[in-house]
Every structure is written in structure tokens, then in C-alpha cells.
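Here, each number is a calculation from the coordinates, and none is a lab measurement. Not measured: the values here are computed from a predicted model. FYI the Cβ positions are ideal-geometry reconstructions off the backbone, even for glycines, and counts take in every protein chain you see.
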Amino acid sequence: MDQKEIYLIVPHLMKQQTWGGDYIPTCKGIVDHPLVTGRKIGQSYELFGGSKLIPSAWLPKNKHRFFEFYKRSKSLALFLPHETRHISLVDLIADDPKGVLGANIAQKTNNTMPILIKFTQAQGNSFQLHVKEKHESETWKAKPETWYFLGDGLITLGLKPGADLKKFKKICQKTEDYMQEMSKRLKNKTQKMIETRRLVATYINRRDPWQFVNCLKVKKGWVVDLSSGGIHHSWEEDKEKLPQGNLVYEIQLDRSDEKSTLRCFDKGKIKYGGGIRDLQIADYFKYLDSSPKTNDPKQMIRQPEDMPPKSNQGQEIYLFENPHYKLHKIVLPAGQAYKGQTKGSFQHLFVESGSVEITSCTDTTKKLKLLSSWSAFCPACLGEYQIQALKQDTVILKTFI
């Protein structure tokens, strides 16, 4: 097929047992679908190596609600009404790696999509870090990662000045030992879950692992760039102050958690059957960067005032750029247009708010209407394209390499 197309990306929805909700499907207009109703959706993969795409020419008229639902391990339910055809990103790249990814990207990545983009609704997660690139090994791979907040959030980021790492590590290890004992009691059915949760909460509150890290409130529009690696981080939760949890647009190198995420504390989470998460406490502290400058949150957080418009008459704002990926924000008043150019890299477009029509400038018959919270994929060979804001003021997030 002709690679110079504009593709609708079929979102890959992920059910989460411990966090998530209906925010993502509500934003996408699919919350009433039977596959989604009543389920906690924690993430939508907006772009990854396994993405499915629908060329604009294959889209049924006035139909826009397509998704892939990940129900459980190795089980997918693909909702494509009216027998809509689609193509996998893998097959598209295989047909023309340089044309789809860009020549330099195809060469560096061995013809694979290198990044993962996630639209996330999350409550608290574990204390964790990713190793620096210089510390990569057969065991651990670096995972540069960056967060753009779609709403206010709560996080921990970096070590507090003067944090006692020996005490921090000891508390993490003692807590892990305690969780193993709680797990054993549940599995042996010598203790009920309600009592287990009470005991765990009391134990953790007395030891307070949060005393060693920076606990921060972040605002909508802020960026947290963890791409350098070696930095402690987590999402936090407060169901009264932050009922929807953390709403985050994440960009990262596509590396599996098993090979890239080191955890030292899982906040007392335990399943009804007694299952608990494996932790990597020794390696977490081995690869933790403890230098005061690196752990200063100001080194990793960018606020809107730090992001002046850089091009296109103030329409385009550089949110962040690092060696692995770039994210720009395009702000368009209703009816206004933006001219973009792929310039040797694929481009991913996500509508943060409003709605747009994207049109190829070399073939105006190729156009795609994109609604709020949906994504489009533009191959590197597309060249020049236009984004037209429709009836509302619109914000688009543009990711590329």
C-alpha cells in the first residue's frame, strides 16, 4: 500500500486491578461499550511496536470508535465495527522501514518502533528507578521515561537532602521481610485480609519510607523528565484531593518492566491470595544516584513558564527534547491551521483537547478527522501536512525523534 498515508491508531486499553477508572474511555467516548463498562482502565497504549493502524482511506464514514482491549495475559478483544480493515505497525514498517520510521531511526533500531506512548490514569505505584545508560547490563536495561501531566498530580521525585540511605535501605528490607510473613499467613489461611491490611498499614506508617524522598504536588501542564536514569520516583495517591488519580501522558523507550524497573518498596500492596510483588532492593540502592544536584526536583521538572513558544507564530511549544524522543505542544484557536513537516522522523499526534482534521499537503484526498484523546500516526515519508482546528480551541501533542 502507499506509505504516504495518515493513520488512525487503534488504542490498546489495559485493565488495572489496583488503579485506573473510567477517565480514559470517557475521554475517548467508548465508556458505554460492553467490553469497557464497569472495568478499571488504567492505561491506553497510544503507540507501541504492536499498534494497529487504520489508514484514513479505510475508515467508515462518520465512524471513529475503535479499540483493542487487553483482558488478561495473552488475551485480546479487538473492537472494529463494520469489519473495518486495519494494518499492524509491524507490517507497515516491514514494507518500508526507512519510509515509515525515518532512515536514521530504522538503522539505529533495527527496523523497530523504539518508543512507547501511554495515556494513563493511575493511583500510587511502587518506589522505583531505571538504571542509567552507562550502567546497562544483561540484567538491567535503561528506560528513559518522561511524564506530561494532563491534570494535577502527586509524586515522589529524588532523594531528600541529607537522606540516610543506610536507614532507608534497612526500612525497605525490613518491610519486605514483614510483607513476606503477611503473605505466608494469607496463603496458609491463618489470617484474614482485613486484619492483614490493618497490620500492614500500621507497620508502614510507623516506619515511613516517604521520609527519605521528595513528596511533591505537580500541576497540569508540568513535565517530569526522568530520561537521565538513576533517579527515585513514584506516583502517589490521595483519594480526597485527587479522586481521579494521576492523569499522565507518558513517553518512554519501549523496554519491559522486568528488564528495566527496579523497585524497593511496594507500599504494602498484597493480593487476596497472598501474592506480593518481587522487589529488587539491593540493585535499587546499587544504581541509585544520590548526588544532591541530580536529586533536586528543579533539575527534572519543567513548568509552563519554562516553555516559551519556539516556532510557527507561537503555535508550537517545546515541552521537552532529549536524545531519545521529543514532545511539542501545538496550540490552535478554533479554525486556525498549523503546517507540519515530518523531516526524517515518524510523528505521533495526540489531541489533548478539541478536535482537528489532518491533511497531507501533497495529496489532499488523504485526510483524517481526529477527536479529543485520540491519536494519529504520520510516517516519515508523509512530508508536509496540515492540522486544522475545527470548532473548538485545540491542543495537540506531537511526539517524534
**Message:** List the pairs from Lys52/Lys343; Lys143/Lys187; Lys329/Lys369; Lys259/Lys286 whose alpha-carbon separation is above 26 Å, in the order I gave them.
**Reply:** Lys143/Lys187
**Message:** Translational diffusion coefficient of region 247-401 at 20 °C, 1.002 mPa s, Stokes-Einstein with Kirkwood Rh over Cα pairs, in µm²/s as a whole number.
**Reply:** 116
**Message:** From the helices alone, meaning DSSP H stretches of at least four residues, give me the mean residue ellipticity at 222 nm for the chain, per-run term -39500 (n - 2.57), in deg cm²/dmol to the nearest 500.
**Reply:** -5500 deg cm²/dmol
**Message:** At a 10 angstrom cut-off on C-beta neighbours, averaged per residue, how do the peptides 38-46, 292-300 rank from highest to lowest?
**Reply:** 38-46, 292-300
**Request:** Given the peptides 100-109, 244-253, arrange them by the average over their residues of other C-beta atoms within 10 Å, most packed first.
**Result:** 244-253, 100-109
**Request:** Report the equivalent ellipsoid semi-axes for region 118-302 in whole Å, largest first, defined as the square roots of five times the eigenvalues of the gyration tensor built from alpha carbon atoms.
**Result:** 27, 20, 16
**Fill in**
Among (1) 95, 55, 39; (2) 66, 47, 41; (3) 70, 52, 41, the entry matching Cα extents along the principal axes in Å as calculated here is (2)
**Request:** Tell me which residues come under 5 Å, amide H to amide H, from Gly230 once H is placed; ignore anything under 5 positions away on its chain.
**Result:** His130, Val131, Lys132
**Item:** Bins of 10 Å, starting at 0 and running to the largest distance - Cα pair percent for region 71-204
**Value:** 8, 18, 28, 25, 14, 7, 0
